[in-house]
1. Give me a comma-separated list of calculated 3J(HN,Hα) values for the stretch 314-329, in order, Karplus coefficients 6.51, -1.76, 1.60 applied at θ = phi - 60°, integers in Hz, x for any Gly or Pro.
2. Order of 192-205, 404-417, 345-358 by packing, highest average Cβ count within 10 Å first?
3. Along the charge dipole of the stretch 263-416, pointing to its positive end and built from +1/-1 on Cβ of Lys, Arg, Asp and Glu, which listed residue (Ile330, Pro266, Leu404) has its Cα farthest out?
4. Could you list, in their original order, any pairs among Lys126/Lys417; Lys348/Lys410; Lys334/Lys410; Lys310/Lys334 whose Cα atoms are separated by more than 30 Å?
5. Counting other beta carbons within 10 Å of each residue's own, what order do Thr215, Thr95, Thr100 fall into, fewest first?
6. Rounded, prolate or oblate: which fits the stretch 172-261, taking a ≥ b ≥ c as square roots of the Cα gyration tensor eigenvalues, rounded meaning a/c under 1.5, else prolate when a/b beats b/c?
7. By counting other Cβ atoms within 10 Å of each Cβ, how are Glu158, Glu228, Glu222 ranked from fewest to most?
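The numbers here are math on the coordinates, done by the rules we state, and not lab data. No experiment lies behind these values; they were computed from the predicted model shown. FYI the Cβ positions are ideal-geometry reconstructions off the backbone, even for glycines, and counts take in every protein chain you see.
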Amino acid sequence: MQSSPKLALALTLVLIWCLAQSHVESRRWRKSVQLKLHRETNHTKILSSFHNQKLRLKEKLSPTSDLAISSVSVYQTTVSKENLINSHNTEYYVTAGFGTPKSQPVTLLVDTASANLLVYSSEFVKQSCLHHDGYNSSESQTYQANGSPFQIQFASQEILTGILSTDTFTLGDLVIKNQTFAEINSAPTDMCKRSNFDGIIGLGFSEIALNGVETPLDNILEQGLIDEPIFSLYVNRNASDASNGGVLLLGGSDPTLYSGCLTYVPVSKVGFWQITVGQVEIGSKKLCSNCQAIFDMGTSLIIVPCPALKIINKKLGIKETDRKDGVYIIDCKKVSHLPKIVFNIGWKDFTLNPSDYIFNYSGTCVSGFSSLSDCNGTQTNDDSEDLNNIWVFGDVFFGAIFTLFDFGLKLVGMAPKV
């Protein structure tokens, strides 16, 4: 009983710290900038996109860094706030622009598992991608020719090619000068036809930037456009609020978007936003212990190893015959009776309810879990053991958890969304 006063004092200090942090943040986030959001309504297009996302993910996982890191603390200051476009809870975009004096508007997929800035060229759009916007270097006064070739080969063996260019890049009220990016002049057909984005903004570490190009985050920080090397993501999956996909906050966080205090964990490998997860459970069944997970907002689902997926599917009553286009269909009537899934990260439990991990597309319900491998064992294209063991936290996870990324101290902070 003698320890009770000490425990009460400790809890009081924690509460005071949380309130102080929230007060500081609530003053700073009001300086943010907000952009308009939209939502995709073509369900057939959405369901077809999952397979292509897996191919992109396999390509991204191939250059995993072997460097290790640890960190201890974090703080936030001035914030730029960019609204996200929600493509029916499967892909999230921001609006941006290239060139001067008139910024050429484009829509960019937010991707935390890559580090480059890519945009379709206007010539490619005219020839192959008529419903998209593209960048025309001849219309910009600040364009700087580079010409170095840029190439990405996907797991499907399809290739995205382009050249590097440098120009002014506008993101909300932030005007980033001398940003080098890939001007895409050839891309897989499905990437263009089955997506709404005109390019990709990678928010990963510079260690995974192709061609050694300076990342948008590094450039924003070096030019003094934000005070702290931090960005945060709040993803809105409220189907009744189609215009609001959430927000990307550059330079800090917003305590009105999450409950309690942020729980911080160190990045376990620099390159991707990769952390160690203490444990994952569904019901009373353990799915992993001390497993590695990568945050990838460019992927819709939570990607898990085959052993974990088999357990999840069994708990959800899903059979292999329920698989379609790489995802698993489930009876919508069963959703309310499905179990919770609990992630223990940094000694704190983060819970996903069935409504968090099941997509409902006008009566077609899709599980938010899948694998990069063919879990029947008939065929796998995985050349790396990492592909079979690592977890990938896609938009399903972001939809339930507010997430802060500190690329200075190499930390990830998490708290339940409000």
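1. These are the phi-based 3J(HN,Hα) values: 5, 5, 8, x, 9, 10, 4, 5, 7, 7, 8, 6, x, 10, 10, 8 Hz.
2. Values: 192-205: 23.2, 404-417: 20.3, 345-358: 17.0.
Final packing ranking: 192-205, 404-417, 345-358.
3. In the stretch 263-416, that residue is Ile330.
4. Values: Lys126/Lys417 41 Å; Lys348/Lys410 19 Å; Lys334/Lys410 40 Å; Lys310/Lys334 18 Å.
From the list (Lys126/Lys417; Lys348/Lys410; Lys334/Lys410; Lys310/Lys334), the Cα-Cα distance tops 30 Å for Lys126/Lys417; Lys334/Lys410.
5. Working: Thr215 24, Thr95 21, Thr100 17.
So the ranking, lowest neighbour count to highest, is Thr100, Thr95, Thr215.
6. Values: a/c = 2.23, a/b = 1.12, b/c = 1.99.
Oblate.
7. Values: Glu158 17, Glu228 20, Glu222 11.
Going from least to most buried by this count: Glu222, Glu158, Glu228.
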